[in-house]
Amino acid sequence: MKYTRYNYKSPKKNNNFIFVITLTLIAAIALGTIFSKLLPNNKTNTSTDSKTTKVSLEKDSKTSKEVSQSNVKDYVAIQCGVFSKKESALALKNSLMEFGSPFIIEEAKLNKVLLGVYLKDGVDSITKQLDAKKISYVKFNFQLVGEDSTSAQTNEMISADIKILNKLSEKNTKAYQTVELKKWMGSLTGAEAKSKNYAELTEIKSYLTAMPTELKKDKTEAGYIYIYKFIKKILKT
């Protein structure tokens, strides 16, 4: 009888063990099911973030490529002071004559004294002179992008005009011959009258065409004032 009971109890223990294992498996499966419902959402978010980043990088790359193929010009205006009184502005302007052709711009009832407008890659020689004399200044950067052939030509004309003004600002330059400039402008083609930038092209081209064959040094200040305001007007549109 004991032997029989022993055989009987042993299977019962095994059944309890199997029952515990079964419950454990069921619990594990249940937990697995719960986590499996949660995990896909996390994967989806990760995938979306990764895709978004990839798309963003592709867009940035495309934009950079388009900009590199477009006409992009960077300009720098050097401002040496701002005054409410015109007399103070004139005093500073006169003190800067040795460095170029300073000019005054009146904006918001203030008199801004600027030394000049330069191409970005040509401004260092000027700032080094100012630094050597410990003259305070602020650089304002402007970037113009030629989105089409019309605005690209406008950009090139602005650049050409600034180069002329920078040359006239040099101590040993008394005048600048504009014959080649006008000949170059006459050779330009591709501007479209339907372009939204056509009015700007017409304005700058008319301005440069009206220049005398020999542009003298005393016209530099007025030239800077014009091109500074012209660039600011383009940036506002």
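Within the range 85-138, the set of residues being aliphatic (A, V, I, L, M), in a strand (DSSP E or B) and within 26 Å of the chain's Cα centre (by Cα) comprises Ile105, Val113, Leu114, Leu115, Val117, Leu119, Val138. Hey, can you tell me all the residues within the range 212-225 that are out of contact with any Phe, Trp or Tyr (no Cβ under 7 Å at 6 or more places or on another chain) and closer than 19 Å to Val117 by Cα? Hits for the range 212-225 are Lys216, Lys217, Asp218, Lys219, Thr220, Ala222, Gly223.
Every residue in the range 148-180 that is without any contact (Cβ under 8 Å) to a residue 12 or more places away in the chain and in contact with a helix residue (DSSP H, G or I) (Cβ under 6 Å, 6 or more places away or on another chain), please. Listed by number, the list is empty, since nothing qualifies. Applying the condition of being in a loop (DSSP other than H, G, I, E, B) and hydroxyl-bearing (Ser, Thr, Tyr) to the range 168-181 and asking which residue is farthest from Gln153 (Cα to Cα) yields Thr173. Of the residues making up the range 182-211, those that are surrounded by 15 or more Cβ atoms within 10 Å (Cβ to Cβ) and either in a loop (DSSP other than H, G, I, E, B) or in contact with a strand residue (DSSP E or B) (Cβ under 9 Å, 6 or more places away or on another chain) (or both) number 4. Could you give every pair whose Cβ atoms fall below 9 Å, whose first residue belongs to the range 181-203 and is not assigned by TED's automatic domain parsing to the domain that holds Ser151, and whose second residue is modelled with pLDDT of 95 or more and exposed (fewer than 12 other Cβ atoms within 10 Å of the Cβ), counting only separations of at least 6 or pairs across chains? Matching pairs, first to second residue: none at all. Would you check which residues across the range 212-237 are surrounded by 12 or more Cβ atoms within 10 Å (Cβ to Cβ), under 14 Å from Tyr176 (Cα atoms) and of a type in the set (Val, Ile, Thr) and list them? Matches in the range 212-237: Thr220 only.
The values are calculated or read from the model by the stated rules, or taken from the named source; none is laboratory data. Because the structure is predicted, anything quoted here is derived from the model rather than measured. Every residue, glycine among them, receives a Cβ derived from its backbone with ideal geometry; neighbour counts consider all protein chains shown.
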